[in-house]
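For reference, the structure discussed in these notes is given below.
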Amino acid sequence: MTTPTWTTEQLLQQAQSNSNAFALATLAYFQQQGQPSSEVIRFIGESFAVGWGAMQGHGAAEIAGLVAFNFASLGGSLVALLGNDRHATITINFPVKPLTDAFGIALEDYDRSLAMIFQTILGSLNFKLTTRRDNDNLIYELAAR
């Protein structure tokens, strides 16, 4: 038997799918149990915020770039990043509806969960986050407090 080999691209695609699937399976679990997922989402945001502490004092555009980088690691792609030290807007192509459908999770619920995590992280850095979706694109707006 030969040992299977995979390209870096194949591994990246699988890791992106697995990351989204793990998050969606967690949401589906809470949904099936009839329990809100907000506590675990809050905990995740607070836990991740610790790792973002080094970004304290950095500008909105730089932080928005890091948010976009995190979405890219989940399979998203940056469409636009505009901003300065006080305000930034990122548009990320993040077409996950087929995956949310497969887990029985509404796309809006997944978007809201991700937004709650980033609101907690960005709040710890003194930024306010507003979000919306336009078809396959997520739009995140950061504003300094």
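The values are calculated or read from the model by the stated rules, or taken from the named source; none is laboratory data. Keep in mind that this is a model prediction, so the values were computed, not measured. Neighbour counts run over all protein chains shown; Cβ positions are idealised from the backbone, glycine included.
Based on what the data block shows, is Ala102 hydrophobic (A, V, I, L, M, F, W, C), at pLDDT 95 or above and under 19 Å from Gln13 (Cβ atoms)? The answer is yes for Ala102.
How many residues does segment 41-66 contain that are assigned to a helix (DSSP H, G or I) and in contact with a strand residue (DSSP E or B) (Cβ under 9 Å, 6 or more places away or on another chain)? Working first, answer last.
Residues of segment 41-66 that are assigned to a helix (DSSP H, G or I), as a first pass: 41-51, 53-55, 60-66.
Now restrict to residues that are in contact with a strand residue (DSSP E or B) (Cβ under 9 Å, 6 or more places away or on another chain): 60-65.
Going through segment 41-66 one residue at a time, the tally reaches 6.
Screening Glu108 with (1) in a helix (DSSP H, G or I); (2) under 20 Å from Trp52 (Cβ atoms); (3) among the acidic types (Asp, Glu) gives one miss only, at (2). Give just the number: which of (1) in a strand (DSSP E or B); (2) over 23 Å from Thr120 (Cβ atoms); (3) of a type in the set (S, T, N, Q) does Thr91 not satisfy? Result: Thr91 passes all but (2).
For Ser77, the criteria (1) buried (at least 18 other Cβ atoms within 10 Å of the Cβ); (2) modelled with pLDDT of 95 or more; (3) small (Gly, Ala, Ser) hold in every case but one, which is (1).
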